[in-house]
Amino acid sequence: MPGRCARACGDFCQQRRCHFLCLADARYTRSDPRSHLSDRIDTVVLLMPHVWGGLLAPAVKKAGVRFVTVVHDAIPHPGDLRSLIASLATPTFSASDLVITLSAHVANRLKAKGLVRAGGVRQLFLPEVRLRAAEPPTFPVVAEPLRILFLGRILPYKGLDLLIDAVKRLRREGIALHLGVFGEGPLGRSGERLRTLGAEVVNRWLAADEMARVLARYHAVVLSHTEASQSGVASLALGHGLPVVATPVGGLLEQIDHGVTGIIAERVDAAALAVAISHLAQDPTCYANLVAGIRRSQEGRSTGTFLEGLARHVSELSASRKIAEKRTSEHSSQPFPNQP
């Protein structure tokens, strides 16, 4: 969703008369970046690291403009070719005047790997995404199963088999569940297991309007990850008012507020995930409290709040640079002491 955020950033800057420019990608390396910068722009923010970023950063800085990169992942996700390719953008991090992460988990990993300079990283969050207006979800009526959703690309670290095991366990206990799996990627042996469960499966890429319609038909989203930075699917779910059940990995522990916007399982295994899902399936009050908690806390996860934080960090970067330039100027203007 970087393009959506870049457009929101443009509107924000126009209203607040900010002096920074958000780019959804590094496509401007194809031409002279200075042709895209007005005199009032003093900072470029790259919202999604790209292999071209290493070329864009020096060109932007040569134009006298600061360069800030928003980093989503510190290391590639297992089995994810896209994040592996994105990892080639790491030279962009060291070339940036400031790196902003979307979770403390990623910030700490970048520091531990030495990919960012000391003091050169700040943390924000992944804002929620609302594809269209939606009514708050309600607990299933009597005899209706809880409809739980696995949404997004199907990759090994997403833990689909873990979720299937959890659903089978809960059904054996007599808990009514309907599982939906929507997203592109190889299902492998999970395909037959899903058919046995009677799951709804749409195994392809979904457009934004399709995702909005799917979210409207389900009661909750489950993130059965075995590894994570933060989750765009969680942002979608919360943006549409759906509680999230998640495993306790990476930035999911920060993104999901346990007992307020979702349920965090105690461990990364099917038994613990099943217990977490059962809290929603068997307790209407728990479900209603989570839906209300999502609604109450939406402002703190909004794109507007994210952009306010981004503007604050850019402003602090600008102020620190001016102080450094002033000190350099004062030092250079001092006369040399008389030689003995």
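The values are calculated or read from the model by the stated rules, or taken from the named source; none is laboratory data. Computed from a prediction, not measured in an experiment: that's the story for all the values here. Glycine also receives a Cβ, built like all others from the backbone with ideal geometry; neighbour counts cover every protein chain displayed.
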Here is a list: 132, 122. Which entry is among the charged types (D, E, K, R) and at pLDDT 90 or above?
122
What is the residue count in region 123-155 for residues that are under 19 Å from residue 312 (Cβ atoms) and either touching a Lys or Arg at 6+ places or on another chain (Cβ under 9 Å) or free of Cβ contacts under 8 Å to residues at least 60 places away in the same chain (or both)?
4
Could you run through region 223-260 and say how many residues are without any contact (Cβ under 8 Å) to a residue 40 or more places away in the chain and closer than 18 Å to residue 109 by Cβ?
3
Checked 176, 207, 199, 234 against criteria (of a type in the set (Gly, Ala, Ser) and buried (at least 24 other Cβ atoms within 10 Å of the Cβ)); the one match is 234
Residues located in region 123-139, provided they are among the acidic types (Asp, Glu) and within 13 Å of residue 303 (Cα to Cα)
128
Of the conditions (1) over 16 Å from the mean Cα position of the chain (by Cα); (2) surrounded by fewer than 18 Cβ atoms within 10 Å (Cβ to Cβ), residue 218 fails just one. Which one is it?
(2)
By residue number, the members of region 156-179 that are under 19 Å from residue 79 (Cα atoms), touching a residue at least 60 places away in the same chain (Cβ under 8 Å) and among the charged types (D, E, K, R) are 158
